[in-house]
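Take a look at the structure below.
Rule-based calculations on the coordinates, nothing more; no lab input. In this text the structure is predicted, and so the values were computed from the model without any measurement. Glycine also receives a Cβ, built like all others from the backbone with ideal geometry; neighbour counts cover every protein chain displayed.
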Amino acid sequence: MLRQHAHELELRTRGRGFYEFTGEVAALVAQSRIQTGLVTLHLQHTSASLLIQENADPEVRRDLERFFSRLVPDGDALFQHTCEGEDDMPAHVRTALTTVNLGIPISSGRLALGAWQGIFLWEHRRQPHRRPVAAHLIGKYTGQTRGPRAFLASLESGAAGF
Amino acid sequence: MLRQHAHELELRTRGRGFYEFTGEVAALVAQSRIQTGLVTLHLQHTSASLLIQENADPEVRRDLERFFSRLVPDGDALFQHTCEGEDDMPAHVRTALTTVNLGIPISSGRLALGAWQGIFLWEHRRQPHRRPVAAHLIGKYTGQTRGPRAFLASLESGAAGF
Amino acid sequence: MLRQHAHELELRTRGRGFYEFTGEVAALVAQSRIQTGLVTLHLQHTSASLLIQENADPEVRRDLERFFSRLVPDGDALFQHTCEGEDDMPAHVRTALTTVNLGIPISSGRLALGAWQGIFLWEHRRQPHRRPVAAHLIGKYTGQTRGPRAFLASLESGAAGF
């Protein structure tokens, strides 16, 4: 039987930069015991982004930051919305150029990410922020392919499915 | 039990600009009576975008339009695909730089959007267009957590679940 | 009853450019016999993108490539991550500017794409690459709206649902 789980991840940033939270999402998948399914992540702000990028060489992320800083410079005279600081409107543009939601399949009980893919929150504001991410998981439990006994075991262990 | 609903939203634009339809999507969620689940929206064109952005200060959206107009100027001599007008190829580029599909969790019977997030159709063409958006909802009904009586009530009220 | 299917598509590229695989995804939908539901596609690399774009005039895609080549030039002196070639960091930036995952509703047994929309892998590297795409399908079988007889028929034909 298909089950679903919902969570809110509370991410905190220390200003502009990349914050990997692949481990937090992988932990939700492991807790859910979903073997095959889908995770959807939605960031509840529009001055930061969700991004799947290379998690090997950190220079890749520094170059991403360099490119976006050049493409959408803070304090650009083009912008009229300046009341929240010279980095606010660039943050909204960077978010429009990337995304705030991701959908990632679950396969064999794990996120179906590539070997060098990580899930990042990209903070575009210079100040620290609290960035809640809504997470939705749907799929089938491992145990349920093993029949009613496994199903009972999953109930007894306090699975948070609903 | 998990249920799903499918709809087509018929959006009409009056030329380049942002058209918020958060209310229309929220109405689909309310009608569905899904308490926890997922909404997926897919725009069936590639010269307009779906975007989650700030719905507070309208200057933010005007600045987004200013930035994209400068980044991808209409009539740019770089483009060879000019047969549909000087704003057509820029519209395709703007769409590639943003997106045509969104996935948003449903939590406590509501879209799990942030306090200042709105769902927008961003029309990139100068002329008015008809822009259909396919919507898919999946999740669990409110009533079903209250047992068989609520389930019967949902059937009687003509729920469009399938 | 809702069912789901998971697949891995093995795409191979011959260097930078667009590779349409709408037909391969449509075949997964047809095989699944899902009438109403959702397909999620996730590319397991970050130097290529998934993109829904116009599949009519190929000049549109050549112009997209022209625009991105100008916006993110190979060998840009800005980049420090150069150890994998002068086209590697631009490939990561192009991927950040587009996306690696798509969610597309299934309606009446078909992908709910617009008349001129195609699903493309956009290879950003100059050399040929192997690009696996994880696919997840969820929804209801056609046959199940016709009762137990259709359901048995679907089992007999070896459906890979789980």
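Helix content alone sets the calculated 222 nm mean residue ellipticity of chain B: runs of n ≥ 4 DSSP H residues at -39500 (n - 2.57) each, divided across all residues, give -8000 deg cm²/dmol. Taking other Cβ atoms within 10 Å as a rough exposure proxy, C:L28, B:L38 sort from fewest to most as C:L28, B:L38. Taking amide H as placed 1.01 Å from N in the peptide plane, A:I119 has its amide H under 5 Å from the amide H of A:F21, A:T22, each at least 5 places away in sequence or on another chain. Copy-to-copy label distances for A:D76, where each label lies 7 Å from Cα along Cα-to-Cβ, are 1.3, 1.3 nm in order of increasing length. Report, in degrees rounded to the nearest 10, the 0 to 90 angle that the Cα long axis of helix C:22-32 makes with the longest principal axis of chain C. Between the helix axis and the principal axis of chain C, the angle is about 20 degrees.
Positive end of the charge dipole of chain A (Lys, Arg +1 and Asp, Glu -1 on Cβ, about the Cα centre): tell me which of A:L2, A:I104, A:F21 has its Cα farthest that way. Of A:L2, A:I104, A:F21, it is A:L2. Remark: label point of C:E65 defined 7 Å out from Cα along the Cα-Cβ vector; separations to the same position in other copies 3.4, 3.4 nm, ascending. Is the shape of the stretch C:52-134 best called rounded, prolate or oblate, per the rule: a/c under 1.5 gives rounded, else a/b larger than b/c gives prolate, else oblate, with a ≥ b ≥ c the square roots of the Cα gyration tensor eigenvalues? Note, shape of the stretch C:52-134 comes out prolate.
By the count of other C-beta atoms within 10 Å, a proxy for reagent exposure, C:I138, C:I104 are ordered fewest to most as C:I104, C:I138. Its alpha carbons considered, the protein assembly as shown gives a radius of gyration followed by a Dmax of 21.9, 68 Å.
Please compute the net charge surrounding C:V29, taking Lys and Arg as +1 and Asp and Glu as -1 over other residues with Cβ under 15 Å from its Cβ. Within the 15 Å Cβ shell, the charges total +3.
The string of couplings for the stretch B:123-129 from the Karplus curve (6.51, -1.76, 1.60, θ = phi - 60°) is 7, 9, 8, 6, 8, x, 9 Hz, one whole number per residue in order, with x for Gly and Pro.
Computed over chain A, the P(r) curve from all C-alpha pair distances, binned at 10 Å from the origin, holds 10, 35, 28, 16, 8, 3, 0 percent per bin. The 3J(HN,Hα) values that the Karplus relation (6.51, -1.76, 1.60; θ = phi - 60°) gives for the stretch B:96-103 are, in residue order, 5, 6, 10, 6, 10, 9, 10, x Hz. Gly and Pro appear as x. Here is how far apart the B:E24 label points are across copies: 3.3, 3.3 nm, shortest first, using a point 7 Å from Cα toward Cβ.
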